[in-house]
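Below is one structure, written out as structure tokens, with a few remarks after it.
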Amino acid sequence: MSEEMSADKTRRRGLGTQIKELFGVSEVEEDYDEFDEAEGAKKHTITTLRLQQTKVAHVAVRQPQTFDDARIAADGLKEGRQQIVNLERTPQDLSERIIDFLNGVTYALNGFVEKVGDRVYLFAPSNTVIDVPEDLHKNVPGLFDRNSQ
């Protein structure tokens with residue numbers, strides 16, 4: 001008899017619960033569709049789902065003074081972290097080398113580059129979306145974006 005009740009409960013569980021169990025969501029209150037025999041209608045319980053954020057966005061701000069600082073920024077990009085690179089205090093010749101290097105790394109990762117200020121750039125990996133209004137993008141174009149690749 002208990003096997004029949006267990007199978008009956010399995011059939012009556014809501015679709016939401018079944019999907020959550022499929023994806024391994026652990027903090028779920030059970031939601032069963034219960035049949036009220038007296039009224040002849042299903043009763044639905046409300047499901048509360050609490051998901052913890054699994055991935056934290058991390059942005060690194062860098063003011064490179066050597067080419068090794070650019071390599072550290074490139075490693076951060078490879079690990080999926082956005083890099084804001086401020087070249088205001090970096091010598092012009094080194095700035096150009098750093099921009100070229102990080103631009104190449106970003107391109108290889110299918111990422112994005114956006115100029116956010118005078119000699120300040122945002123390098124972002126491919127899992128990042130950068131929303132720039134069209135009028136701002138025309139005034140301050142990035143080095144490249146996915147539309148120009």
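No value in this document is a laboratory result; all are computed from the given coordinates. Just so we're clear, the structure is a prediction, and the values are computed from it rather than from any experiment.
Structure above, values below:
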| read-out | value |
| --- | --- |
| Phi to ³J(HN,Hα) by Karplus 6.51 cos²θ - 1.76 cosθ + 1.60 over the stretch 74-82, Hz, x for Gly, Pro | 5, 4, x, 4, 4, 8, x, 9, 6 |
| Hz values of 3J(HN,Hα) by residue in the stretch 102-117 - Karplus curve (6.51, -1.76, 1.60), Gly and Pro given as x | 5, 4, x, 4, 5, 4, 5, 8, 6, x, 10, 10, 9, 7, 10, x |
